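Just below is one structure, and these are the notes that go with it.
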Amino acid sequence: MKKASRTRPSAEQIARAAERGEDVTRYFAGKGQMMPPLPRPDVQRVNVDFTMGMLAELDAEARRLNISRQAVIKTMLAHALDERRRVGGGGGRKKAS
């Protein structure tokens, strides 16, 4: 009797299964290593202090949009700068091309 051969699914097939809400943890051994992000010369890290109330609002918005707090901050700040430029307030931010 032949033994059933099991082929591994492709990364694309695993991604599609995850998008359908299927449990795909069996495909990961948990032995991988996280790689640090590549350095970007056009990005500078900054520290910003927020009140607890502001953080609560940012976190609520992040949950609502299902994105990170950092993504909410970047998006809201970009919108504010774009609006300021639109109404003639100037500003130095360049649009990414």
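Grab the helices (runs of 4 or more DSSP H) fully contained in region 1-93, keeping just those with 1 or more residues being at pLDDT 95 or above and out of contact with any Gly (no Cβ under 9 Å at 6 or more places or on another chain). It would help to see each step written out before you state the result.
Numbers: elements: 11-19, 52-65, 69-86.
Once the helices (runs of 4 or more DSSP H) in region 1-93 are filtered for at least 1 residues that are at pLDDT 95 or above and out of contact with any Gly (no Cβ under 9 Å at 6 or more places or on another chain), what remains is 52-65, 69-86.
Is there any pair with a first residue in region 59-74 that is more than 18 Å from VAL43 (Cα to Cα) and without any contact (Cβ under 8 Å) to a residue 40 or more places away in the chain and a second that is hydrophobic (A, V, I, L, M, F, W, C) and in a loop (DSSP other than H, G, I, E, B) whose Cβ atoms are under 9 Å apart and which are 6 or more apart or on different chains, and what are they?
GLU61/ILE67
Within region 26-51, can you find the residues that are under 30 Å from LYS74 (Cβ atoms) and of a type in the set (Ser, Thr, Tyr)?
Of everything in region 26-51, just one residue is under 30 Å from LYS74 (Cβ atoms) and of a type in the set (Ser, Thr, Tyr), namely THR51.
The values are calculated or read from the model by the stated rules, or taken from the named source; none is laboratory data. Fair warning: this is a prediction, and the values are worked out from it, not measured in the lab. Note that each Cβ is placed from the backbone with ideal geometry, even for glycine, and that neighbours are counted across all protein chains shown.
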